[in-house]
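Taken together, the values in this text are just the output of simple stated rules run on the coordinates, not laboratory data. The structure presented is a predicted model; accordingly, all values stated were derived computationally and were not measured. Cβ coordinates were reconstructed from backbone atoms using ideal geometry, including for glycine residues, and neighbour counts include every protein chain displayed.
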């Protein structure tokens with residue numbers, strides 16, 4: 001089974017980037033206890049004041065999908081949705097490297 005990765009760009013509603021980042025950082029902290037979640041990093045760019053990039057790697061696509069049905073994940077999503085103007089996801093298949 002291949003690993004699953006994604007680069008996800010969240011565009012926050014104007015002025016809501018920090019609030020959205022805080023929710024995503026909480027999710028990142030919770031992900032540390034999920035064995036199938038190997039990497040979950042929250043990133044921002046000075047060039048995009050409303051954007052937040054999430055870099056994630058999971059043991060499999062199925063593990064990622066299963067994480068979305070967890071009660072904690074659903075609660076985080078429901079808190080984040082009102083702050084989000086858009087989402088773009090680029091699925092990738094990690095091959096290896098430092099930290100993986």
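Below are the figures for this structure:
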{"quantity": "Extension reserve of the residue 30-residue 14 stretch, reckoned as 0.36 nm per residue once the Cα distance is removed", "calculated": "3.1 nm"}
{"quantity": "Virtual spin-label span in nm between residue 85 and residue 6, 7 Å along Cα→Cβ", "calculated": "2.2"}
{"quantity": "Cα convex hull volume per residue for the chain (Å³)", "calculated": "99"}
{"quantity": "P(r) tail fraction, the range 26-73 - alpha-carbon pairs more than 11 Å apart, %", "calculated": "70"}
{"quantity": "For the chain: relative contact order, % (alpha-carbon pairs under 8 angstrom, 6 or more apart)", "calculated": "47"}
{"quantity": "Mean ellipticity per residue at 222 nm, deg cm²/dmol - from DSSP H runs of n ≥ 4 across the chain, formula -39500 (n - 2.57)", "calculated": "-9500 deg cm²/dmol"}
